[in-house]
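Coordinate-derived values only; no laboratory data. Remember, predicted model here, so these are calculated numbers, not experimental data. Note that we place each Cβ from the backbone using ideal geometry, even for glycine, and neighbour counts take in every protein chain shown.
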Amino acid sequence: MVNRPRAVLGEEVMARPLTRVLCAVVIAAGAAAAAAVGGNATAAAATTTIGTVFSGGVPLNVRVAPSTSARVATQLRTGNRVILTCQTTGPWINGDVRSTNVWDRTGNGNYVSNAYIRRPWLPSCPAATVPQPNPSNSGWVIPVPGSPVQLFRPVSNPTHDGVDIMQPRNTPIVAASAGRVVTVECNTSGSTCDVDGSPSVRGCGWYMEIQHANQVITRYCHLVRKPLVSEGQQVAMGQTIGYVGTSGNSSGPHLHFEVHVGPGYATRANAVDPVGFMQKAGAPLGVLAATRR
Ligand SMILES: [Zn+2]
């Protein structure tokens, strides 16, 4: 009963033009249901379905979120038809049609309790009602899959200016964003970077740096062999630039990845935490192929 107010306000969802339906959910049942209301339903028939309100003699609240505490956007009455796009869950409601915790999203993004709606089958609302970052659109991608096992400047290793992501030897490393290669170098206290390093060897081994827009530089260390790119070369986001190895100061194959923000060269002073940076850039480290497709 909590969903049934005393006041009658009266804006009807069906008074809104169907062309305002933006949530495109393709369902077969929608065609038949929409056809029943006639008129200009045809254009939206493939993307919506139509429910009918049964709430006795009292109005049904249409709320801005699937919750009885959410603001009431408008109200519907028995017999009103309402454009529906998908269903989610919310508070349990004992209604005139059924008892359920299902709430239906309307065509303009509000919600009604499904306890008062007769309707054909509806798909579940996508989990991504919160906008999800799309790395391929943000201009950034993760350089290798996998979560960092050694973080940026932990208490136990305060001079560790990047993160370490374990990957098998020869795993491709990609440019995290478009830019210009500014450094390709062998950096080791040993005689060559073309051998496995060790904790007793100093240096990044085979490494490279890319200068990106907005004074951002990314650094990639411990490559298995000389990077595939040269200084001065332009690279695209996601372009393979080399392969994981363990050259230099390294105890096993992994990518040491740094991000620097500021004018000039990459230095200890302008190193930032890659985890936070990549999160904001829309390509969070450790988030795997699902967001890289
Ligand atoms: Zn490292």
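Taking other C-beta atoms within 10 angstrom as a stand-in for reagent exposure, 104, 164 fall in the order 164, 104, fewest first.
Computed extension length for residue 160-residue 68: 28.1 nm, one decimal, from 0.36 nm per residue of separation with the Cα-Cα distance subtracted. Per-residue Cβ neighbour counts within 10 Å put 257, 54 in the sequence 54, 257, beginning with the fewest. Spin-label model, residue 280/residue 89: points 7 Å from Cα along the beta carbon direction are separated by 3.6 nm.
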